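Below: the structure, in structure tokens.
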Amino acid sequence: MTHASNASPMISTTRQALAALVAVAGSVAIAAAQTFTITPSGGGLANPGPVFRHTPIAGVAAPTFAGLTSATAAHSTYSFSQTGIGQNDAYWRGGWFFRVAGDSREFAFINAASSTSGTLIINRTGGANNNLGTSALATIDYSVNRGATWSFTSSQSWLISNPAQGPLVLVRNAITNTGDNPLTINLFWVADLDVPTLSGDDIIIARPGNTGLEMRNLSGALPILFMPRGNANAYIGRGGVGFPFGTTALDDMVDAISTNFNNTVPPANAGFDRTYGYQWTVTIPPAGGFLAETGIQII
């Protein structure tokens, strides 16, 4: 278990972990127009998570990936949004979940304005650029408490940029302990990604050096998705909806039992639909903060 500092939710070690990826994310002049829409996670088929779109230069049609011949073409026309399998579809669904010490299962940060489960209360308190489609940055904020036992806030953000390595969505969750006692919390980021041209012929690879996971098309066709591990404690690679190798990473979050990821991925020699997730386990002192950070990048 790791222990967070009590200084600020913007933990400096997180930025160091992803420095190679995000050095230009906040300062680069984005060449192509960006659109960005987002909805809260929810975690189910009817409640998909954020939608990321990296739009092509005005007047350039976004082709299906069957016609792409180079990484450069993929970089200029790729969309992270739910635009239809076989076209510009990479991000189908996913989002953030949590489990506080003493809970017997994980919980989603909700789509609704508020939700209760016993003494657990989740309120969506605000956000910026939600569903406007005009900004590279979008946020959603929550307050969560279990009566007087514990409480925390969650500020979730998605920053889309166009660095030289390829379009990047930086995914962050800043937790602040607003209770009077240390907060031991497990955070989970899980997502179902599809590498075109089909949703059911992908493989997940754990990168050497424990830097993150990579999703590829079994055929070797471009593009390749890199999901940086950041400061996560553990990862999981799972099957997708209706495919082998167990339930999906999202199913693990919405069942009635607790889950811990075990740093395993399905066999790389069998291409099927794939899901993945990262887990952070931290203890945050009162008034302290922790920043979980990962991302999705086309390389």
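Using a probe radius of 1.4 Å on heavy atoms only, what accessible surface per residue do you get for the stretch 154-299? Whole Å² is fine.
On the way: 4440 Å² over 146 residues.
Ligands and nucleic acids excluded, the figure is 30 Å² per residue.
Report in % the part of the accessible area of the stretch 160-299 that belongs to carbon and sulfur, leaving out ligands and nucleic acids; probe 1.4 Å.
Working: 2440 of 4340 Å².
Answer for the stretch 160-299: carbon and sulfur cover 56 percent of the accessible area.
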What is the Å³ per residue value for the convex hull set by the Cα atoms of the stretch 150-299? 116
Surface accessible to a 1.4 Å probe, Ile121 within the full protein complex, Å²: 60
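For Phe272, Phe261, give the ranking by accessible area with the largest first, probe 1.4 Å.
The ordering from most to least exposed comes out as Phe272, Phe261.
When the chain is fully extended, how far beyond the present Cα-Cα distance does Ile205 get from Asn260, taking 0.36 nm per residue of separation? Please list the in-between numbers first.
Numbers: separation 55, 0.36 × 55 = 19.80 nm, distance 1.94 nm.
That works out to 17.9 nm of additional length.
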What is the Cα centroid distance between the stretch 261-299 and the stretch 102-129, reported in whole angstrom? 20
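The values are calculated or read from the model by the stated rules, or taken from the named source; none is laboratory data. As the structure is a prediction and not an experimental result, all values here were calculated from the model. Remember, those area values only see protein heavy atoms, side chains included, never the ligands or the DNA or RNA. Shrake-Rupley method; radii C 1.70, N 1.55, O 1.52, S 1.80 Å.
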